[in-house]
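The structure appears below as structure tokens.
The values are calculated or read from the model by the stated rules, or taken from the named source; none is laboratory data. Predicted, not measured: the structure shown is a model, and the values here were computed from it. In this analysis, Cβ positions are derived from the backbone assuming ideal geometry, glycine residues included, and neighbour counts consider all displayed protein chains.
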Ligand SMILES: NC(=O)c1ccc[n+]([C@@H]2O[C@H](COP(=O)([O-])OP(=O)(O)OC[C@H]3O[C@@H](n4cnc5c(N)ncnc54)[C@H](OP(=O)(O)O)[C@@H]3O)[C@@H](O)[C@H]2O)c1
């Protein structure tokens, strides 16, 4: 369950496999949210936009580290 009475959210994390991003992903998960990684390894290229619309489906927030 999310902490601090916050509703669970699906949250996109740009660069979520990186040094900083993976810590953000870990903290989101620990707080009960659903992190969605945006990275080329997940089929999303943030320069070209390839794969982005599908990956953002259902996301309520985006964190860009
Ligand atoms: N690490 C530090 O000490 C530090 C300090 C100050 C500021 N920063 C800033 O914080 C940010 C993240 O740093 P970091 O050290 O965590 O970087 P990192 O470990 O190199 O990770 C970069 C992340 O971005 C993704 N990425 C790169 N190009 C992409 C693209 N075209 N489309 C989608 N995803 C892409 C990578 O995944 P894929 O390769 O799979 O795409 C990876 O998840 C950077 O802007 C950096 O300048 C870092």
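Tabulated values for the structure
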{"read-out": "Looking only at the range 16-34, and only at residues there that are more than 13 Å from residue 63 (Cβ to Cβ) and out of contact with any strand residue (DSSP E or B) (no Cβ under 9 Å at 6 or more places or on another chain), the one that is surrounded by the fewest Cβ atoms within 10 Å (Cβ to Cβ)", "value": "19"}
{"read-out": "The range 35-64, residues that are under 10 Å from the mean Cα position of the chain (by Cα) and surrounded by 14 or more Cβ atoms within 10 Å (Cβ to Cβ)", "value": "35, 36, 37, 38, 39, 55, 56, 59, 63"}
{"read-out": "Test: residue in the range 4-15 that is touching a strand residue (DSSP E or B) at 6+ places or on another chain (Cβ under 6 Å) and near the ligand (Cβ under 10 Å from one of its atoms)", "value": "yes"}
{"read-out": "In the range 35-62, the residues that are within 8 Å of the ligand (Cβ to nearest atom) and closer than 10 Å to residue 13 by Cα", "value": "37, 38, 39"}
{"read-out": "Cβ-Cβ under 8 Å pairs, at least 6 apart or on other chains, the range 10-21 side touching a residue at least 12 places away in the same chain (Cβ under 8 Å) and more than 10 Å from residue 38 (Cα to Cα), far side within 6 Å of the ligand (Cβ to nearest atom) and assigned to a loop (DSSP other than H, G, I, E, B)", "value": "18/39; 18/65; 20/65"}
{"read-out": "Search result, residues across the range 1-31 that are touching a helix residue (DSSP H, G or I) at 6+ places or on another chain (Cβ under 9 Å), at pLDDT 95 or above and over 25 Å from residue 54 (Cβ atoms)", "value": "none"}
{"read-out": "Given (1) within 8 Å of the ligand (Cβ to nearest atom); (2) at pLDDT 95 or above, index of the condition residue 65 fails", "value": "(2)"}
